[in-house]
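Contents: one structure, followed by commentary.
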Ligand SMILES: *Cc1c(COP(=O)(O)O)cnc(C)c1O
């Protein structure tokens, strides 16, 4: 029999980040000492009070179907979060609880976009956006942002890609992979165009709570309240509360959209896991200390990574203001030959770092930006030190990093009190 899959599934590739993660785990299983700077999830345990809430939900028998849009208490807690943290007022029927932030994005695109539509994605972008736009039947349209401009979309760049078919725009701040943050002036500059062309905006706010250097998080409806009616905020508990495996996300949208998403979920997943919803409720309403502790550890690690990267001359790293990634430009290596291998692009850089240093990173090519690689600092200080030391020794032999003098290391570790092992 001539077996054929649907055309739809041929449009997309598996997530490169998840693929790499599987490869690294396999290499580790063979006993290789891989330092994994490719990961995209916090390495902390989910805080104890959140786990306890899930255990209690099981004991209490909270194990049946819930409403498709999620339990009312949790939707109310999400409204409270938006009101307190963002000064945005939503009613519970404008909130949908989903099986992770990724699912919130997917469902939003399914109800907003279809064949004939164009959706603008600023690059570098998170690998999932183009795949989800394609799965909706629409066409992703990429618009380059510049390193010199902090990888932020400008009105001129946006205008250059708008056509009569443009239906939506995706904004992700802080960004995966660049760690860059939109401030109010960036968003205010985009607002008139978005309004004039009546675009739907998907605001992926998943890294809202990981912002550094006293910078302030803002999203489009906070800056341009009249655009709240054309914005869907996609969010979740994965990154803030170290809850990636629980699969709880949420969205806030005009009622037209939230009701459509709830209808879709009713025919698709029925509801997000009942006990995970109780855990997410505990997360949103519980003590904030564990979250602050994780934020502080990420801030320390970010400083450590930036200090270490200064010693690697062939990398040029814009200073990220959020999330847990750095995105060094590695294009100064292109055209060179390292250990007999000619370096042509970001794939070659990531590949040689994995082969020669046993350090896993993600090539920028998958994020639509072939001049950089993504390093994650959602891992222990020991791994960060070890990984960057190996890269430094390999790329800059003869530099201070490769010398026996550990002065650079002391400097990188900085004046902060040591002893934090990064666990909770
Ligand atoms: C991690 C991530 C998400 C959502 O993750 P979930 O685990 O599905 O909640 C969404 N957007 C970006 C940019 C991410 O990095």
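Name the shape class, rounded, prolate or oblate, that the alpha-carbon gyration tensor gives for the stretch 1-126, where a ≥ b ≥ c are the square roots of its eigenvalues, rounded holds for a/c under 1.5, and otherwise prolate holds if a/b is larger than b/c and oblate otherwise. All intermediate terms of the calculation are to be shown ahead of the outcome.
Details: a/c = 1.69, a/b = 1.19, b/c = 1.43.
The shape class here is oblate.
For the chain, find the longest principal axis of its Cα atoms and tell me its angle to the long axis of helix 289-310, 0 to 90°, nearest 10. It works out to around 40 degrees.
Our helix-only sum for the chain, with -39,500 (n - 2.57) per DSSP H run of n ≥ 4 divided by its residues, gives a mean residue ellipticity at 222 nm of -11500 deg cm²/dmol.
Using the count of nearby Cβ atoms within 10 Å as a rough guide to exposure, how do 324, 315 rank from fewest to most?
Values: 324 27, 315 24.
Neighbour counts put them in this order, fewest first: 315, 324.
Give the percent of DSSP beta bridges with both residues in the stretch 64-285 that are antiparallel, rounded to the nearest 5.
Roughly 30 percent of the beta bridges in the stretch 64-285 run antiparallel, per DSSP.
Sorting 102, 165 by the number of Cβ atoms found within 10 Å of their own Cβ, with the fewest placed first, yields 165, 102. Normalised by the number of residues in the chain, the mean separation of alpha-carbon contacts (under 8 Å, six or more apart) gives a relative contact order of 22 percent. Ranked by how many other Cβ atoms sit within 10 Å of their own Cβ, fewest first, the residues 235, 186, 197, 339 fall in the order 339, 197, 186, 235. The residue 344 and residue 196 beta-carbon pair, evaluated with R₀ = 35 Å, returns a calculated FRET efficiency of approximately 0.25.
Taking a ≥ b ≥ c as the square roots of the eigenvalues of the alpha carbon gyration tensor, the stretch 1-59 is oblate, as a/c is not under 1.5 and a/b does not beat b/c. Could you identify which residue out of 279, 299, 189 has the top mean-square fluctuation in a GNM of the chain using Cα springs shorter than 10 Å? Residue with maximal mean-square fluctuation among 279, 299, 189: 189.
Judged by the gyration tensor of its Cα atoms, with axes a ≥ b ≥ c, the chain is prolate; a/c meets the 1.5 cut and a/b is the larger of a/b and b/c.
Once fully extended, how much extra length lies between residue 356 and residue 307, figured as 0.36 nm per residue of separation less the alpha-carbon to alpha-carbon distance?
Numbers: separation 49, 0.36 × 49 = 17.64 nm, distance 2.27 nm.
So the extension gain works out to 15.4 nm.
Scaled against the 2.2 N^0.38 Å expected of a compact globular protein of N residues, the Cα radius of gyration of the stretch 64-285 reads 0.96.
Subtracting the Cα-Cα distance of residue 229 and residue 19 from their residue separation scaled by 0.36 nm leaves 71.9 nm. Could you list the residues of the stretch 124-162 with an amide nitrogen less than 20 Å from a label point located 7 Å from the Cα of residue 4 in the Cα-to-C-beta direction? 135, 137, by backbone N distance to the label point.
Principal-axis analysis of the Cα atoms of the chain puts helix 184-196 at an angle of about 50° to the longest axis.
Using a 10 angstrom cutoff on alpha carbons, build the Gaussian network for the chain and name the most mobile of 332, 242, 123. So, out of 332, 242, 123, the one fluctuating most is 332.
Stretching the chain fully between residue 319 and residue 85 yields a gain of 81.7 nm (0.36 nm per residue, less the alpha carbon separation).
Computing FRET efficiency as 1/(1 + (r/R0)^6) for residue 255 and residue 382, where r is the C-beta to C-beta distance and R0 is 56 Å, gives about 0.70.
To the nearest ten degrees, helix 255-266 and the longest principal axis of the Cα atoms of the chain are 80 degrees apart. Comparing mean-square fluctuations of 208, 118, 76 from a GNM of the chain with C-alpha springs under 10 Å, the top value falls on 76.
Values in this text are rule-based calculations from the coordinates and carry no lab data. No experiment lies behind these values; they were computed from the predicted model shown. For neighbour counting, all protein chains shown are included, and Cβ atoms are generated from backbone atoms with ideal geometry for every residue, glycine included.
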